[in-house]
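Engineer: First the structure, which I've put down as structure tokens, then a few questions once you've had a look.
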Amino acid sequence: MSVDHRETGGDRVEIDRVRPPGRFRDTVRTVIRGVGQLLITLGVVVLLFVVYEVYVTDLFGGQKQASATEAIDRVWASAEVTATVVVTDPSKLVTDPRERTPKYKTLTGEGFAKLYVPAFGADYRFTVVEGTNSDDLYIGPGHYAGTQMPGQQGNFAVAGHRVSKGSPFNDLGLLASCDAIVVETQDDWFVYRVLPMAEEVASWTSTPRPDCAGVGVQTGAYAGVFGREITVPSDYAQVLPVPHVDTTAVPRGAKRMITLTTCHPQFSDTERMIIHGVLVKSYAKAPGFLPPELGTG
Amino acid sequence: MYVWLWRHLPGPTAAKLLQALMLVLAVVALLFFVVFPLLEPYLPFDRVTSG
């Protein structure tokens, strides 16, 4: 085709005569260059958005988390009773969760508890705020309003970002069954452990490992509740008192559960990753005392 | 677009370069602090709650 075109040079002369050669070519060049630059610019903007989402929001979220932690530390320091006898023996601080009622108030967007996952390292610690809207979750993991408080019968449900804004729940996919999830409130330590995974249920013995005491395959109303579940975003029943059971009422004899939710797969939110755990132990807080679970995982 | 901008920046090349750099930084700041935070809730990346 192009060869033909060159041979019929007369046509080109014809066109050149109709439109002034310089101006036409300049206009075309300018338009094409403009479109090219616009596309490059849009590409750069998209890349900048990735940088923003993955790095910049982590910085902002880190600042918000730090100030929330500072605030809760102040509250706890003022509520602390000065102990006359120093008790640091874990066995003497073990409490019956039935006798512990939350004495603190929660305000949307403000911290009321701290979350530790020793399996993610000794420095893994996040202040949990009340509420799960985007402002709350920018600060840190957020407690689903209307679900139970730490240690209570029912389900203490917490949502957290997987990527961006501090990424508190980035590694939930790495949690194994029986891993400890420790929650600290004003007066208590609550030690939850991740339930058996779906693929482990068939071969689960009563206590496969020493740290699995109190963790077992779920039966009865809890049958089908596993340590990790991948589900659809609309599956609100995951955070109800008995996961998967569609009522907000806490039945008599309900277990004390923890549920963590985040988006799945990473960098997407077409699904949700859900972690379920059960309360296995609780301690009263005492100056200088840290639950042994924080060290061993 | 950029050619037009470059032509209209006053001063010698060094001054033009400095001004261009400032403009880029201003646009990036505008994106990071205003545009992206506004846009973010509408994008399907990081919604983490159930229900």
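Engineer: Identify the residue in the range A:66-78 that is in contact with a Lys or Arg (Cβ under 9 Å, 6 or more places away or on another chain) and closer than 20 Å to A:TYR138 by Cβ and, among all such residues, is surrounded by the fewest Cβ atoms within 10 Å (Cβ to Cβ).
Structural biologist: A:THR69
Engineer: For residues in the range A:187-212 being of a type in the set (D, E, K, R) and touching a residue at least 40 places away in the same chain (Cβ under 8 Å), which is farthest from A:TYR104 (Cα to Cα)?
Structural biologist: A:ASP211
Engineer: Further question on the same structure: Filter the range B:18-36 down to the residues that are at the interface with chain A (Cβ under 10 Å from one of its Cβ atoms) and either surrounded by 15 or more Cβ atoms within 10 Å (Cβ to Cβ) or touching a Gly at 6+ places or on another chain (Cβ under 8 Å) (or both) and list them by number.
Structural biologist: B:VAL27, B:VAL28, B:LEU31, B:PHE32, B:VAL35, B:PHE36
Engineer: Of the residues A:VAL242, A:VAL225, A:VAL194, A:VAL280, which is under 20 Å from the mean Cα position of the chain (by Cα), modelled with pLDDT of 90 or more and farther than 21 Å from A:PRO168 by Cα?
Structural biologist: Exactly one residue qualifies, and that residue is A:VAL225.
Engineer: Could you list all residues from the range A:273-297 that are open to solvent by 10 Å² or more (accessible area, probe 1.4 Å) and closer than 30 Å to A:VAL50 by Cβ?
Structural biologist: Matches in the range A:273-297: none.
Engineer: A:TYR104: surrounded by 17 or more Cβ atoms within 10 Å (Cβ to Cβ) and in contact with a Ser or Thr (Cβ under 9 Å, 6 or more places away or on another chain), yes or no?
Structural biologist: Criteria not met by A:TYR104.
Engineer: Within the range A:210-240, which residues are over 16 Å from A:MET273 (Cβ atoms) and within 14 Å of chain B (Cβ to nearest Cβ)?
Structural biologist: Listed by number, the list holds a single entry, A:LEU240.
Engineer: Restricting to the range A:113-160, and then to whatever is in contact with a helix residue (DSSP H, G or I) (Cβ under 8 Å, 6 or more places away or on another chain), under 14 Å from A:THR262 (Cα atoms) and hydrophobic (A, V, I, L, M, F, W, C), can you tell me which residue is surrounded by the fewest Cβ atoms within 10 Å (Cβ to Cβ)?
Structural biologist: A:ALA159
Engineer: Look through the range A:100-120, keep the residues that are in a loop (DSSP other than H, G, I, E, B) and under 16 Å from the mean Cα position of the chain (by Cα), and return whichever of them is modelled with the highest pLDDT.
Structural biologist: Here the answer is A:VAL117.
Engineer: Do we have any residue at all in the range A:54-67 that's part of a helix (DSSP H, G or I) and modelled with pLDDT under 80?
Structural biologist: Within the range A:54-67, not a single residue is part of a helix (DSSP H, G or I) and modelled with pLDDT under 80.
Engineer: Yes or no: the range A:208-229 includes at least one residue that is open to solvent by less than 10 Å² (accessible area, probe 1.4 Å) and within 25 Å of A:ARG162 (Cα to Cα).
Structural biologist: Among the residues of the range A:208-229, at least one is open to solvent by less than 10 Å² (accessible area, probe 1.4 Å) and within 25 Å of A:ARG162 (Cα to Cα), which makes the answer yes.
Engineer: So, in the range A:218-240, exactly how many residues are touching an Asp or Glu at 6+ places or on another chain (Cβ under 8 Å), among the β-branched types (Val, Ile, Thr) and farther than 24 Å from A:PRO150 by Cβ?
Structural biologist: 2
Engineer: Hey, another quick one. Might you check whether a residue that is under 34 Å from the mean Cα position of the chain (by Cα) and within 11 Å of chain B (Cβ to nearest Cβ) occurs anywhere in the range A:25-44?
Structural biologist: For the range A:25-44, residues under 34 Å from the mean Cα position of the chain (by Cα) and within 11 Å of chain B (Cβ to nearest Cβ): present.
Engineer: If you check every pair at least six apart or on different chains, which have Cβ atoms under 6 Å apart with a residue in the range A:129-157 that is away from chain B (no Cβ under 13 Å) first and a residue that is of a type in the set (S, T, N, Q) and in a loop (DSSP other than H, G, I, E, B) second?
Structural biologist: From residues that are away from chain B (no Cβ under 13 Å), the pairs are A:GLU130/A:THR106; A:PRO150/A:THR185; A:GLY154/A:GLN148; A:PHE156/A:GLN148.
Engineer: Filter the range A:243-272 for residues that are in a strand (DSSP E or B) and open to solvent by less than 20 Å² (accessible area, probe 1.4 Å); which is farthest from A:VAL215 (Cα to Cα)?
Structural biologist: Only one residue fits best here, namely A:CYS263.
Engineer: If you don't mind, there's one more thing I want to ask. Would it be correct to say that A:LYS92 is away from chain B (no Cβ under 14 Å), exposed (fewer than 11 other Cβ atoms within 10 Å of the Cβ), free of Cβ contacts under 8 Å to residues at least 40 places away in the same chain and of a type in the set (D, E, K, R)?
Structural biologist: Criteria not met by A:LYS92.
Engineer: Here's something else I'd like to know. Got a sec? Which of A:VAL232, A:VAL215 is in contact (Cβ under 8 Å) with a residue 60 or more places away in the chain and of a type in the set (A, V, I, L, M)?
Structural biologist: Every option except A:VAL215 fails the conditions.
Engineer: Any residue at all in the range A:79-87 that is without any contact (Cβ under 8 Å) to a residue 40 or more places away in the chain, under 28 Å from the mean Cα position of the chain (by Cα) and open to solvent by 50 Å² or more (accessible area, probe 1.4 Å)?
Structural biologist: Looking through the range A:79-87, none of the residues is without any contact (Cβ under 8 Å) to a residue 40 or more places away in the chain, under 28 Å from the mean Cα position of the chain (by Cα) and open to solvent by 50 Å² or more (accessible area, probe 1.4 Å).
The values are calculated or read from the model by the stated rules, or taken from the named source; none is laboratory data. These numbers were taken from a predicted model, which means no experiment stands behind them. Please note: Cβ atoms are built from the backbone with ideal geometry, for glycine as well, and neighbour counts cover all protein chains shown. Side chains are part of the model used for accessible areas, which takes the heavy atoms of the whole protein and leaves out ligands, DNA and RNA. Shrake-Rupley method; radii C 1.70, N 1.55, O 1.52, S 1.80 Å.
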